[in-house]
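Pasting a structure here, questions to come.
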């Protein structure tokens with residue numbers, strides 16, 4: 001009998017990965033040694049389960065790979081899920097890791113003077129154009145989004161934007177760059193995501209994976 005193809009599980013590079021790996025290990029999915037080799041340029045890895053392969057990609061790409069069925073499951077922040085709002089993406093489990101918030105920040109001087117508070121139009125630097133526009137629309141402010149993928153904190157000081165929208169954890173990076181968090185758009189945590197079509201066609205394996213992660217989170221909260 002032909003064995004089914006391995007499930008492809010997408011993991012994000014960056015802030016969530018360190019917290020996700022112990023959770024994966026408790027779920028019985030341990031990446032091969034090459035995964036931990038910082039000199040390696042591999043992006044796809046075998047695991048302790050013969051039926052699960054891991055790919056490591058940028059956080060925004062995790063959602064894209066899973067939504068289009070190139071990966072059947074993955075872990076990504078709720079910020080990415082809400083930014084893209086893919087119809088084919090199902091997020092059944094809040095993993096209770098990767099906690100931070102998506103916030104608006106402005107130069108401390110502008111906050112003290114109240115200059116930005118009087119704007120009906122704002123130029124905002126962010127890698128979250130959809131969430132940013134929605135947030136400012138609710139405030140009656142037209143947002144002109146400047147799309148950046150990093151170094152967001154530099155934008156106000158260099159005149160590129162009057163404010164930024166970015167993930168905030170401790171707030172130290174904002175403080176170091178003369179910025180102040182002025183409003184919170186949404187709390188963020190990491191979620192298990194699966195492809196809806198794959199869940200229908202491979203319900204046994206993906207359903208078991210969902211149950212495993214759901215049980216692990218429940219046990220951690222009860223501990």
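The values are calculated or read from the model by the stated rules, or taken from the named source; none is laboratory data. Computed from a predicted model, the values in this text were never measured in an experiment. Neighbour counts are summed over all protein chains in view; Cβ atoms, including those assigned to glycine, are modelled from backbone coordinates with ideal geometry.
Does residue 129 meet the test of being touching a residue at least 60 places away in the same chain (Cβ under 8 Å) and either outside the structural domain of residue 66 (by TED's automatic domain parsing) or touching a strand residue (DSSP E or B) at 6+ places or on another chain (Cβ under 6 Å) (or both)? Write out each step before concluding.
Working: touching a residue at least 60 places away in the same chain (Cβ under 8 Å): no; either outside the structural domain of residue 66 (by TED's automatic domain parsing) or touching a strand residue (DSSP E or B) at 6+ places or on another chain (Cβ under 6 Å) (or both): yes.
No, not satisfied.
Taking the condition of being touching a strand residue (DSSP E or B) at 6+ places or on another chain (Cβ under 9 Å), under 28 Å from residue 82 (Cα atoms) and touching a residue at least 40 places away in the same chain (Cβ under 8 Å), how many residues in region 25-60 meet it?
Total meeting the criteria: 9.
Another question, then. Can you pull out the residues in region 66-88 that are farther than 18 Å from residue 126 by Cβ and either at pLDDT below 95 or surrounded by fewer than 20 Cβ atoms within 10 Å (Cβ to Cβ) (or both)?
Filtering region 66-88 down to residues farther than 18 Å from residue 126 by Cβ leaves 66-75, 86-88.
Those that are farther than 18 Å from residue 126 by Cβ and either at pLDDT below 95 or surrounded by fewer than 20 Cβ atoms within 10 Å (Cβ to Cβ) (or both): 68, 69, 70, 86, 87, 88.
Further, regarding this structure: Which of the residues that make up region 16-46 are in contact with a helix residue (DSSP H, G or I) (Cβ under 7 Å, 6 or more places away or on another chain) and assigned to a helix (DSSP H, G or I)?
Residues satisfying the conditions are 23, 26.
Out of curiosity, is residue 18 under 17 Å from the mean Cα position of the chain (by Cα), without any contact (Cβ under 8 Å) to a residue 24 or more places away in the chain and surrounded by fewer than 14 Cβ atoms within 10 Å (Cβ to Cβ)?
Criteria met by residue 18.
Next question, about the same structure. For residues in region 145-173 being in a loop (DSSP other than H, G, I, E, B) and loosely packed, with under 14 Cβ neighbours inside 10 Å, which is modelled with the lowest pLDDT?
Among those that are in a loop (DSSP other than H, G, I, E, B) and loosely packed, with under 14 Cβ neighbours inside 10 Å, it is 150.
Does residue 79 satisfy being assigned to a helix (DSSP H, G or I) and either under 30 Å from residue 27 (Cα atoms) or in the same structural domain as residue 53 (by TED's automatic domain parsing) (or both)?
Details: assigned to a helix (DSSP H, G or I): yes; either under 30 Å from residue 27 (Cα atoms) or in the same structural domain as residue 53 (by TED's automatic domain parsing) (or both): yes.
So residue 79 fits the description; yes.
Sort out which residues of region 89-108 are surrounded by 18 or more Cβ atoms within 10 Å (Cβ to Cβ) and not in a strand (DSSP E or B), and write them in order of number.
95, 97, 98
Return the only residue of 210, 193 being in the same structural domain as residue 20 (by TED's automatic domain parsing), touching a residue at least 60 places away in the same chain (Cβ under 8 Å) and closer than 15 Å to residue 79 by Cβ.
Going through 210, 193 in turn, just one is in the same structural domain as residue 20 (by TED's automatic domain parsing), touching a residue at least 60 places away in the same chain (Cβ under 8 Å) and closer than 15 Å to residue 79 by Cβ: 193.
Checking the condition within 22 Å of residue 109 (Cβ to Cβ) and in contact with a strand residue (DSSP E or B) (Cβ under 7 Å, 6 or more places away or on another chain), which residue from 196, 184, 191 passes? Before you say what the answer is, go through the steps one by one.
Values: 196 fails: within 22 Å of residue 109 (Cβ to Cβ); 191 fails: within 22 Å of residue 109 (Cβ to Cβ).
The unique qualifying residue is 184.
Going by the conditions given, is residue 136 out of contact with any helix residue (DSSP H, G or I) (no Cβ under 6 Å at 6 or more places or on another chain), assigned to a helix (DSSP H, G or I) and not assigned by TED's automatic domain parsing to the domain that holds residue 164?
no
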